[in-house]
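Trainee: First the structure, then my questions, so here it is.
The values are calculated or read from the model by the stated rules, or taken from the named source; none is laboratory data. Predicted model only: the values in this text are computed from it and were never measured. Every residue, glycine as well, gets a Cβ built from its backbone with ideal geometry; the counts of neighbours run over all protein chains shown.
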Amino acid sequence: MPANAANLRAFCTLRQPLRAVLAFLAAGLVSVPLLAAAPPPLLLGTAWYPEQWPEARWPKDLALMQAAHIRVVRVGEFAWSSLEPHQGQYHFGWLERAVAEAARHHIYVVIGTPTAAPPAWLTSRYPQTLRVHADGRRAQHGNRQQFSFSSPLYRKFCRAIATRLAQHFGHNPDVIGWQIDNEMGPPSFDAVTRHQFHAWLRRRYHTVAALNRHWATAYWSQTYQHFSQVPMRATNENPGLLLDFKRFVTATWASYVANQVQAIRRFAAPDQFITTNTTHWGDQFNQYTISRELTLAAWDDYIPEGRYHWLENGVQDDLVRGYKRRDFWVMETQPAFVDWAPVNAALPPYAMRELAWQDVGHGANAVLYWQWRSALNGQEQYHGTLVGPDGEPVPAYHVVQTIGSQFALAGAALAGTSPHSRVALLQSYASRWAIDFQRQTDRFGVVREFTAFYRPLERFAQSVDVVSARAPLGRYRLVVAPALNVLSHAEAHHLAAYVRAGGHLVLGPRSGMKDSFDALWTSRQPGPLAALLGGHVEQFYSLLKPVALTGRFGAGQASVWAETLRPQASDVQVLMRYGAGNGWLEGKPAIITRQVGKGSITYIGAWLDPPLMSTVLDALARAAHVHPLIRGVARNVEVCARTGEGKQVWILINHGAKTHTVHLPAPASSLLSGGAPQRDVTLAPHAVSVLLAARS
Ligand code: GAL
């Protein structure tokens, strides 16, 4: 498209340095910018697939979106066959027109690179790019994600399409960001990947003797003479191998992402963000590593059976916020229901509102509904949408419209704000993987256990960060590691330094058992932190029945897992013991603690029942000078605070069926309903209140 002088001027003034503009003018790559202003700080959006519909329909769709306050669409992430219908023939005109039409409706665009769904010309001409399943079967064309993440040839095609897209749209101010691929995950077990795995092992261990030592391969005569003998398996293998395979998969997806990120960055304006969308608790690879290459993290927030538990969703928002330790996007969420659960029950309308505002309260700056309208055919015909097959709104549209109007009212106040927590939960992929490889009891679900710690902490502190064990910890008064099973020397050193600097560290059951090769530490749990703790785990037990505990925190029970602790230093205090009649456990310490200067280290050796977990964690939080943001709040009322730039925004959500009043620490004005500043906020059942307080 020819450059348009007026728009170009707006473009230069508001969004782009002149130098960059001249550069693409020279390259002849300018498209007409229609939305010159920066996008709103809080965006409502949807996944839109213009390639599936006649162009004549687009203005109607976009007008309906605009009427629902939708300000962003994600497009293109499965459109490879429309963008490059034949090898090397790029057809971007339709996408350019779709972006321009969206802009005419004041809607910004995120472009997804289409690499999750290779076109048939690619997979038929180059079948070696197809993924091989763990059982050796090669994937076929006809679904999505059928490619091998490690195939150099596939990556060439990915780079080419990402480059072309970035050249074309990289300076289009109506395009605000990029999504790489879509929900990456499945590895490939083909010969090329296997070769790369061996090369990766060689780089990690240098000699096969070192690998044999760390994996203890004398066990079952697994000893290798060459790296090339090492099998590539994701289950039922030596735990050292399994953990390294996960790391290799992480490194391989990271380089897969980097390949496209580099292509885009080369041509795109620096203010276009780059992200990828991740899944519900996804642990296919280490998300902290993958996120390094990206500008921001994003996730797809689905409640498959329509059963919304706010704390179970909140922990995942916090998890994703921790990937880059900053605000994030919810790139997909459901309009009422999905189509892939055993029972695809709908979220009630009020839960859709609560969910959207909870995401924002935990740091999301955009919430996008998947999807706008179902393709008339294809695998997802039953999925929730915002308009029906006739193109007219379905009931969920009207709920989303209300959410959109609220986002429009509150968005400006949220600019530059984020949640800031004083409590951190440490999340470790290596630990999650290691426990999953060898659960010892199938009742030990790592996510369940993690959430069991999160729930009371979030209720008490009303803000919890979930971060990696390597994250900077200086800002936290309390750091809790629910099951830090794999604990490297470096991580132990980092945690010990935090405690010595006055921090309060709590380790949960199964912590500090393994080194970074998934081998047992010879000092018993918590391994390299045992000396600081002044005690260690004597023995672990899987439980069939709950066991009683008594001590400083009264009486309660533990289930699933129990470890007996042995204090060694004289200043270790026993806080709880297992009660009588518990066999091996009877009378043994279950929780011990030790002061270290102004800091402390505490070890909780059992999976405590919910009331006891609350009592223990509340007491430990209080001792660490952690206070609720707002005191005296009812159990079903969620308090979220976003602060920054001299502002404090409260997001109060009543997840319950009774009316509650929240007494704010200082008056604040309702952004949704207006009126005079208030201190007492009454929340009807399932109501949301968003308030701006002046901050000193
Ligand atoms: C996501 C995926 C979307 C769509 C959606 C349906 O996992 O990214 O493309 O399939 O699920 O819920």
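Trainee: Give the residue that is farthest from Leu426 (Cα to Cα), with candidates limited to residues of region 262-284 that are in a loop (DSSP other than H, G, I, E, B) and within 16 Å of the ligand (Cβ to nearest atom).
Mentor: Thr276
Trainee: Follow-up. Just to be sure, is Gly404 assigned to a loop (DSSP other than H, G, I, E, B) and under 30 Å from Ile107 (Cα atoms)?
Mentor: Criteria not met by Gly404.
Trainee: For region 422-438, state whether one or more residues are touching an Asp or Glu at 6+ places or on another chain (Cβ under 6 Å), touching a residue at least 40 places away in the same chain (Cβ under 8 Å) and small (Gly, Ala, Ser).
Mentor: The answer is yes; a qualifying residue exists.
Trainee: Only one residue in Lys514, Lys588, Lys545 is on the phi < 0 side of the Ramachandran plot, basic (Lys, Arg) and in contact with a Ser or Thr (Cβ under 6 Å, 6 or more places away or on another chain), so which one is that?
Mentor: Lys588
Trainee: Let me ask something additional. For region 285-336, give me the residue count where each residue is within 16 Å of the ligand (Cβ to nearest atom), at positive phi and at pLDDT 95 or above.
Mentor: Residues meeting the conditions: 1.
Trainee: Only one of Arg144, Arg194, Arg97 is within 16 Å of the ligand (Cβ to nearest atom) and of a type in the set (Lys, Arg). Can you tell me which?
Mentor: The conditions single out Arg144.
Trainee: Same structure again: Identify all residues within region 159-189 that are within 16 Å of the ligand (Cβ to nearest atom) and either of a type in the set (Gly, Ala, Ser) or touching an Asp or Glu at 6+ places or on another chain (Cβ under 8 Å) (or both); write none if there are none.
Mentor: Result: Gln179, Asp181, Asn182, Glu183, Gly185.
Per-residue answers, yes or no, for (1) under 25 Å from the mean Cα position of the chain (by Cα); (2) closer than 24 Å to Thr289 by Cα; (3) surrounded by fewer than 17 Cβ atoms within 10 Å (Cβ to Cβ):
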residue: Val110; (1), (2), (3): yes, yes, no
residue: Leu130; (1), (2), (3): no, no, no
residue: Asn172; (1), (2), (3): no, no, no
residue: Glu183; (1), (2), (3): yes, yes, no
residue: Pro187; (1), (2), (3): yes, yes, no
residue: Gln196; (1), (2), (3): no, yes, no
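Trainee: Among the residues of region 55-63, are any within 16 Å of the ligand (Cβ to nearest atom), within 31 Å of the chain's Cα centre (by Cα) and more than 22 Å from Ala37 (Cα to Cα)?
Mentor: no
Trainee: Now for a different question. Looking only at region 285-303, which residues are part of a strand (DSSP E or B) and either over 19 Å from Ala366 (Cα atoms) or among the charged types (D, E, K, R) (or both)?
Mentor: Within region 285-303, Asp300, Asp301 qualify.
Trainee: Then there is this: With respect to Ile651, determine if the residue is in contact (Cβ under 8 Å) with a residue 40 or more places away in the chain and closer than 28 Å to Asn485 by Cβ.
Mentor: Considered against the rule, which asks whether it is in contact (Cβ under 8 Å) with a residue 40 or more places away in the chain and closer than 28 Å to Asn485 by Cβ, Ile651 comes out as no.
Trainee: Same structure again: Looking for whichever is surrounded by 16 or more Cβ atoms within 10 Å (Cβ to Cβ) and farther than 24 Å from Pro40 by Cβ here; the options are Val394, Val360, Val367. Which one fits?
Mentor: Val394
Trainee: A further question on this structure: Taking the criterion of being aliphatic (A, V, I, L, M), modelled with pLDDT of 95 or more, within 30 Å of Pro335 (Cβ to Cβ) and away from the ligand (no atom under 16 Å from the Cβ), would at least one residue in region 79-89 satisfy it?
Mentor: yes
To keep it simple, each residue is scored yes or no on (1) within 20 Å of Pro173 (Cβ to Cβ); (2) in a helix (DSSP H, G or I); (3) touching a helix residue (DSSP H, G or I) at 6+ places or on another chain (Cβ under 8 Å).
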{"site": "Arg57", "(1), (2), (3)": "no, yes, no"}
{"site": "Leu62", "(1), (2), (3)": "yes, yes, yes"}
{"site": "Gln66", "(1), (2), (3)": "yes, yes, no"}
{"site": "His69", "(1), (2), (3)": "no, no, yes"}
{"site": "Val73", "(1), (2), (3)": "yes, no, yes"}
{"site": "Glu77", "(1), (2), (3)": "no, no, no"}
{"site": "Ser82", "(1), (2), (3)": "no, yes, yes"}
{"site": "His91", "(1), (2), (3)": "no, no, yes"}
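Trainee: Would you mention how many residues in region 353-396 are assigned to a strand (DSSP E or B) and either more than 15 Å from the ligand (Cβ to nearest atom) or at pLDDT below 95 (or both)?
Mentor: Result for region 353-396: 5.
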